[in-house]
Each structure stands twice: as structure tokens, then as C-alpha cells.
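Taking it in order: structure first as C-alpha cells, then the write-up.
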């Protein structure tokens, strides 16, 4: 992971939408969302932030939970990424950050670079996973074992299985160890991430190309 290129899905703070029609979204991808008045987008050649701008958006702004039920507050989001969250209550906070970074690398077939550490500092690497090195919980430790089946498994089902493992055993605290600090807020770039922890709540704000730091005054 390039830690310096991991920021928040804050589409709602960058734009205004018509309160009279909160259910529809006219923008096909994040790059199509216009900046607020008086601002323009910065341009960079970073492949991750470029990829973030191409993520498709749902045609409506409705948010469903993993089990298909509606999220209680439907006024908090400006737009919704058109990606699956699976059928388990796993993808939260840092999971969204890791998910988007992993999806970017998977699309590039850079499987060896898809690697996240657990809180016990166990590396979960997708290339190794694809070749059969899986993990199971033994007591309170993850133990590697050789999975049965054809290798390498690089299809979507295999990748989703790997992500479920990541979401289960990696989080805000472990992700923080993989990130490089951006010393000044003014130096934040598109694709950067805000990650932090406090008691009793940990949080991570995931990357997107339409984050506030990308917008600068004209």
C-alpha cells in the first residue's frame, strides 16, 4: 500500500444537492461531481486518485445495510458508490479504506501489493492467499494452513474470501501502522486517508477523489 495516497468519502461536503429530489443522483462517477462555487479540482497523475474518480455511483442515494434493510438516516450521504458490501456486518471504518485500496490493486492485477496486517502483525497477502496460504483462528492466534482447491485462485469469489478475512482481523489500529504521516493538513492530497483512534471509539475515513482537500479556491 502506498500510505501517502490513502482521504475521506465526504462527497456531501463538497457539493450541494437539491433537497427537493434527495433520492436521485445525476452523476455517473465521482469525477462528474462539480466542485462548490469558487473552487476547482487539482490535477495529479497519481494512479490511485485517478482510479477513485472512475468508481461508478448508484443512480439513487439510498443506502442499504449489509442485510438489505435501509439505513436509518438517509439524509447523511450525497452519493453512494455502486459496490457490494457483502452479506456480513464487517465493512466499517478502516474496512472501507482497505477495500478501496485493495480493489484498485486488484483491478491492476498487482496482487502481491494487496497486503494488510492484523493487530497481531500477521501479514494477510492476497498473492499468497491465491496460492493457497489461508488462515484459521486457533485460540487467539491466526495460524496459516494450506487450503485445498486449484491455485492460483484469482477470480472474484477468491478475492472476496480474502477480503472477508481482512475485514475480520484488520482494522483502524492495525492500518495505522501501515500509513505514513502527512505532517501538514495543507499537504493532504486526493486519495489520502484520515485514520485515528480514541477510547472508546476508533475511526477511519476512507479515500475518494472528491474530498475537500482536492478542492482549492480559484
**Message:** Can you tell me which condition residue 193 does not meet? The list is (1) under 20 Å from residue 108 (Cβ atoms); (2) touching a strand residue (DSSP E or B) at 6+ places or on another chain (Cβ under 7 Å); (3) modelled with pLDDT under 85; (4) surrounded by fewer than 20 Cβ atoms within 10 Å (Cβ to Cβ), and all the others hold.
**Reply:** (4)
**Message:** Residues that are farther than 20 Å from residue 92 by Cα and either at pLDDT 95 or above or exposed (fewer than 12 other Cβ atoms within 10 Å of the Cβ) (or both): does segment 112-119 have at least one?
**Reply:** yes
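Return yes or no: is residue 179 surrounded by 14 or more Cβ atoms within 10 Å (Cβ to Cβ), at pLDDT 60 or above, touching a strand residue (DSSP E or B) at 6+ places or on another chain (Cβ under 8 Å) and in a loop (DSSP other than H, G, I, E, B)?
Spelling it out, residue 179 is indeed surrounded by 14 or more Cβ atoms within 10 Å (Cβ to Cβ), at pLDDT 60 or above, touching a strand residue (DSSP E or B) at 6+ places or on another chain (Cβ under 8 Å) and in a loop (DSSP other than H, G, I, E, B).
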**Message:** I need a count of the residues in segment 120-142 that are farther than 17 Å from residue 171 by Cβ, out of contact with any helix residue (DSSP H, G or I) (no Cβ under 8 Å at 6 or more places or on another chain), at pLDDT 95 or above and in a strand (DSSP E or B).
**Reply:** 1
**Asked** Does residue 163 satisfy the criteria of being surrounded by 13 or more Cβ atoms within 10 Å (Cβ to Cβ), modelled with pLDDT of 95 or more and under 22 Å from residue 86 (Cβ atoms)?
**Response** yes
**Asked** Hey, among 156, 108, which residue is surrounded by 11 or more Cβ atoms within 10 Å (Cβ to Cβ) and either modelled with pLDDT under 95 or out of contact with any strand residue (DSSP E or B) (no Cβ under 9 Å at 6 or more places or on another chain) (or both)?
**Response** 108
**Item:** Looking only at segment 20-44, and only at residues there that are under 23 Å from the mean Cα position of the chain (by Cα), modelled with pLDDT of 85 or more and assigned to a loop (DSSP other than H, G, I, E, B), the one that is nearest to residue 75 (Cα to Cα)
**Value:** 25
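Can you name the residue in segment 53-73 that is in a loop (DSSP other than H, G, I, E, B) and in contact with a helix residue (DSSP H, G or I) (Cβ under 8 Å, 6 or more places away or on another chain) and, of all such residues, is surrounded by the fewest Cβ atoms within 10 Å (Cβ to Cβ)?
That would be 54.
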**Prompt:** How many residues, within segment 81-107, are within 19 Å of residue 193 (Cβ to Cβ) and assigned to a loop (DSSP other than H, G, I, E, B)?
**Reply:** 6
**Asked** What about residue 167, is it within 18 Å of residue 93 (Cα to Cα) and out of contact with any strand residue (DSSP E or B) (no Cβ under 9 Å at 6 or more places or on another chain)?
**Response** yes
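The values are calculated or read from the model by the stated rules, or taken from the named source; none is laboratory data. All values derive from a computational prediction rather than experimental measurement. Because the Cβ atoms are built from the backbone with ideal geometry, glycine has one as well, and the counts that use them run over all protein chains shown.
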